[in-house]
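Student: Input: one structure, supplied below.
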Amino acid sequence: TIKRTPINRDYKPTGEGALFASIIGTRRNYSFLSGLYITEIDGTIDHNNCHHVLNKKDYPNFRLYDRNIILITIYEHHLIHNGTEEQREIYVKDVMSVYGVVVHWDKLEALKKELVTEYNNK
């Protein structure tokens, strides 16, 4: 038999899991950016579809602020964190040609500005 050694992960409870579950359970499962139905695109919806508009490192007090979390497809999440401008532009064209919808990167930037203002005023 194969001996399995448990992986010791020192995760500190943050409350994100419960917040994400609440958001997934109460919001419509459509991407904030494209309006695409997430479960149709990704097959399911889970924490990978939750994106912090303002990052947790620079804005720790908004880590659990529900308005700072948007639902997006997993690929859109990838594009935000790791995508190039060229990849985002290709995605916009692909989504328009396949689904006939517009990806609103500007909507994300507008929300980010609103949240930064709100964060700085607290």
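The values are calculated or read from the model by the stated rules, or taken from the named source; none is laboratory data. Since we're looking at a predicted model, the values are computed, not measured. Cβ coordinates were reconstructed from backbone atoms using ideal geometry, including for glycine residues, and neighbour counts include every protein chain displayed. These accessible areas exclude ligands, DNA and RNA; they are computed on the full protein's heavy atoms, side chains included. Shrake-Rupley method; radii C 1.70, N 1.55, O 1.52, S 1.80 Å.
Student: Scan segment 54-73 residue by residue and report those that are more than 26 Å from VAL98 (Cβ to Cβ), of a type outside the set (Asp, Glu) and part of a loop (DSSP other than H, G, I, E, B). Don't jump to the end; show me each part of the working.
Tutor: To start, the set of residues in segment 54-73 that are more than 26 Å from VAL98 (Cβ to Cβ) comprises 54-69.
Narrowing the set further to residues that are of a type outside the set (Asp, Glu) leaves 54-57, 59-65, 67-69.
LEU54, ASN55, LYS56, LYS57, TYR59, ARG63, LEU64, TYR65 - these are the residues of segment 54-73 that are more than 26 Å from VAL98 (Cβ to Cβ), of a type outside the set (Asp, Glu) and part of a loop (DSSP other than H, G, I, E, B).
Student: For segment 99-108, what are the residues that are closer than 19 Å to CYS50 by Cβ and either open to solvent by 90 Å² or more (accessible area, probe 1.4 Å) or in a helix (DSSP H, G or I) (or both)?
Tutor: TRP105, LYS107, LEU108
Student: Which of the residues that make up segment 74-98 are among the hydroxyl-bearing types (Ser, Thr, Tyr), assigned to a helix (DSSP H, G or I) and over 15 Å from ILE38 (Cα atoms)?
Tutor: Passing the criteria: TYR91, SER97.
Student: Being closer than 19 Å to ASN49 by Cα and open to solvent by 80 Å² or more (accessible area, probe 1.4 Å), is that true of even one residue in segment 69-76? Reasoning before the result, please.
Tutor: Here is the first cut: in segment 69-76, the residues closer than 19 Å to ASN49 by Cα are 69-76.
Those left that are additionally open to solvent by 80 Å² or more (accessible area, probe 1.4 Å): 75.
Yes, the conditions are met somewhere in segment 69-76.
Student: I'd like the residue in segment 32-51 that is touching a residue at least 24 places away in the same chain (Cβ under 8 Å), among the polar types (S, T, N, Q) and more than 13 Å from TYR99 (Cα to Cα) and, out of all such residues, is most open to solvent (accessible area, probe 1.4 Å).
Tutor: Top of the filtered list is ASN48.
Student: Residues in segment 15-35 that are of a type in the set (Ser, Thr, Tyr) and under 13 Å from the mean Cα position of the chain (by Cα): how many? Show your work before the answer.
Tutor: Going through segment 15-35, the residues of a type in the set (Ser, Thr, Tyr) turn out to be 22, 26, 30-31, 34.
Now narrow it down to the ones that are under 13 Å from the mean Cα position of the chain (by Cα): 30-31, 34.
Total satisfying the criteria: 3.
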